[in-house]
Amino acid sequence: MWPKKRASKHVTRFSGTGEQAMQGRIFSGIQPTHGIQLGNYLGAIRNWVRLQDEYDCVYCVVDMHALTTVHDRATMAANIREVTAALLACGIDPKRSVLFNQSQVDAHAKLAWVLNCVTPLGWLNRMTQFKEKAGKNREKAPAGLFVYPVLQAADILAYKATHVPVGEDQKQHLELSRDVAGSFNNRFAEDFFPLPEPMILGDAARVMSLRDGTKKMSKSDPSDMSRINLTDDADAIANKIRKAKSDPHHGITWDVENRPEASNLLTIFAALSDRPREDVAAEYADAQFSRFKSDLADLTVEKIGPVTAEMRRLMADPGQIDACLAEGAERARAIADPVIEEVYDLVGFHRSGG
């Protein structure tokens, strides 16, 4: 019987001022697709920035996942750089966190295959996101889309992450990651992989479209007026906010069912200003929509403008982005390679000299 290996509750991170005990290790990833927007920032990226103060953070541009939909070399390369620039511009610090793109670290693919071999087909058949993305063309969907959740589990477990920031739509995949970790542990080594805990973060996790408050803000929406892109300049941001869909009611109130657009703009205002939604609603309870949207436009430009400027600066220097990713990949391999070495030993893979 293999000896028990229990994951430490705390992770030690080395910084320039010495070693610092963190609350655990976070892993999170973002696909390299063109058009990072306000919903990505408020729903995920801003929270990632704040988590750097308390956790050992591993942040990944998951280009291997993106290969299920992006089949053009130049587009993939450009998207990886754009997303990396957005993360850096928003405040991800590559000295405090590990930031890299997935394909540079072999452990992801190696561990994914091992985990595929301990994951029952029935578990994958229950994944709702595959059904939604494959739609009526399920027979033509790539196999990678079907086993996507297993690669996602490998992403997390390769770093023995203890926590994963997730939105409501990703909870099922994280539950699968926990099940897969348990399956491996039961077969090969009890308690080898920690069971990662979900972190559901913030009221602003679901920022809705500026044109339809019942739909999530998305880069795939055909109308560019439906979203605030992190590459939009100040005039574009202000114009989109002022032209955002409103309603004929007086004052600004939180009422998702009857006033979805007002509720969405209220959520954005509260998130950008770091104030409780109730406080913002009280301030604008008797205000006209025009005044509220004008103030929101100013606030959005104030908060997003510096991000846009830094993102554009970084994108003009692709060498800096590539160097950052290369350094991050080296640090990621230092964590993940020993894990995959142990996994290979546990499953009995023979290597010459071993």
Testing PHE188 on (1) touching a helix residue (DSSP H, G or I) at 6+ places or on another chain (Cβ under 9 Å); (2) within 30 Å of GLU54 (Cα to Cα); (3) assigned by TED's automatic domain parsing to the domain that holds VAL164, one condition comes back false. Which one is that? (2)
Would you pick out the residues in the range 294-305 that are surrounded by fewer than 16 Cβ atoms within 10 Å (Cβ to Cβ) and either of a type in the set (D, E, K, R) or free of Cβ contacts under 8 Å to residues at least 12 places away in the same chain (or both)? ASP298, GLU302
When the range 343-354 is examined, which residues are found to be in contact (Cβ under 8 Å) with a residue 24 or more places away in the chain and either exposed (fewer than 15 other Cβ atoms within 10 Å of the Cβ) or in contact with a strand residue (DSSP E or B) (Cβ under 8 Å, 6 or more places away or on another chain) (or both)? VAL347
Under 11 Å from PHE100 (Cβ atoms) and acidic (Asp, Glu): is that true of GLU342 in this structure? no
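A quick yes/no check of all residues on (1) surrounded by fewer than 17 Cβ atoms within 10 Å (Cβ to Cβ); (2) touching an Asp or Glu at 6+ places or on another chain (Cβ under 7 Å); (3) over 13 Å from ALA154 (Cα atoms):
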{"site": "LYS95", "(1), (2), (3)": "yes, no, yes"}
{"site": "PHE100", "(1), (2), (3)": "no, no, yes"}
{"site": "CYS117", "(1), (2), (3)": "yes, no, no"}
{"site": "LEU124", "(1), (2), (3)": "yes, no, yes"}
{"site": "LYS131", "(1), (2), (3)": "yes, no, yes"}
{"site": "GLU139", "(1), (2), (3)": "yes, no, yes"}
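Name the residues in the range 272-313 that are among the hydroxyl-bearing types (Ser, Thr, Tyr) and part of a loop (DSSP other than H, G, I, E, B), would you? I'd like the intermediate steps shown before the answer.
As a first pass, look at the range 272-313 and keep what is among the hydroxyl-bearing types (Ser, Thr, Tyr): 273, 284, 290, 294, 300, 308.
The answer is TYR284, and nothing else.
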Hits in the range 134-178 (condition: assigned to a helix (DSSP H, G or I) and at pLDDT below 75): ALA134, GLY135, LYS136, GLU168, ASP169, GLN170
Output for the range 34-84, where each listed residue is of a type in the set (Ser, Thr, Tyr) and either out of contact with any helix residue (DSSP H, G or I) (no Cβ under 9 Å at 6 or more places or on another chain) or buried (at least 19 other Cβ atoms within 10 Å of the Cβ) (or both): TYR41, TYR55, TYR59, THR75, THR84
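To keep it simple, each residue is scored yes or no on (1) of a type in the set (A, V, I, L, M, F, W, C); (2) more than 12 Å from THR68 (Cβ to Cβ); (3) more than 15 Å from the chain's Cα centre (by Cα).
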position: GLU132; (1), (2), (3): no, yes, yes
position: GLY135; (1), (2), (3): no, yes, yes
position: LYS140; (1), (2), (3): no, yes, yes
position: LEU145; (1), (2), (3): yes, no, yes
position: VAL150; (1), (2), (3): yes, yes, yes
position: ALA154; (1), (2), (3): yes, yes, yes
position: THR162; (1), (2), (3): no, yes, yes
position: GLY167; (1), (2), (3): no, yes, no
position: LEU176; (1), (2), (3): yes, yes, yes
Scanning the range 218-252 residue by residue, those more than 30 Å from LEU87 (Cβ to Cβ) and exposed (fewer than 15 other Cβ atoms within 10 Å of the Cβ) turn out to be ASP247, PRO248, HIS249, HIS250, GLY251
Select from the range 179-234 the residues that are among the hydroxyl-bearing types (Ser, Thr, Tyr) and not in a helix (DSSP H, G or I) and write down the one among them that is farthest from ASN47 (Cα to Cα). SER223
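Scan ALA282, ALA262, ALA297, ALA323 and give me the residue that is more than 21 Å from the chain's Cα centre (by Cα), farther than 18 Å from ARG242 by Cα and outside the structural domain of LYS95 (by TED's automatic domain parsing).
Working: ALA262 fails: farther than 18 Å from ARG242 by Cα; ALA297 fails: farther than 18 Å from ARG242 by Cα; ALA323 fails: outside the structural domain of LYS95 (by TED's automatic domain parsing).
The conditions single out ALA282.
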Any chance ALA44 is touching a residue at least 24 places away in the same chain (Cβ under 8 Å), in contact with a strand residue (DSSP E or B) (Cβ under 9 Å, 6 or more places away or on another chain) and assigned to a helix (DSSP H, G or I): yes
Are there any pairs, at least 6 apart or on different chains, whose C-beta atoms fall under 8 Å, with the first in the range 177-200 and more than 20 Å from VAL147 (Cα to Cα) and the second surrounded by 18 or more Cβ atoms within 10 Å (Cβ to Cβ) and hydroxyl-bearing (Ser, Thr, Tyr), and if so, which? PRO194/THR162; GLU197/THR162
Checking PRO120, PRO94 in turn, the sole residue that is of a type outside the set (Phe, Trp, Tyr), closer than 18 Å to ASP317 by Cα and in the same structural domain as VAL343 (by TED's automatic domain parsing) turns out to be PRO94
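The values are calculated or read from the model by the stated rules, or taken from the named source; none is laboratory data. What you see is a predicted model, and the numbers here were worked out from it, not measured in a lab. Cβ coordinates were reconstructed from backbone atoms using ideal geometry, including for glycine residues, and neighbour counts include every protein chain displayed.
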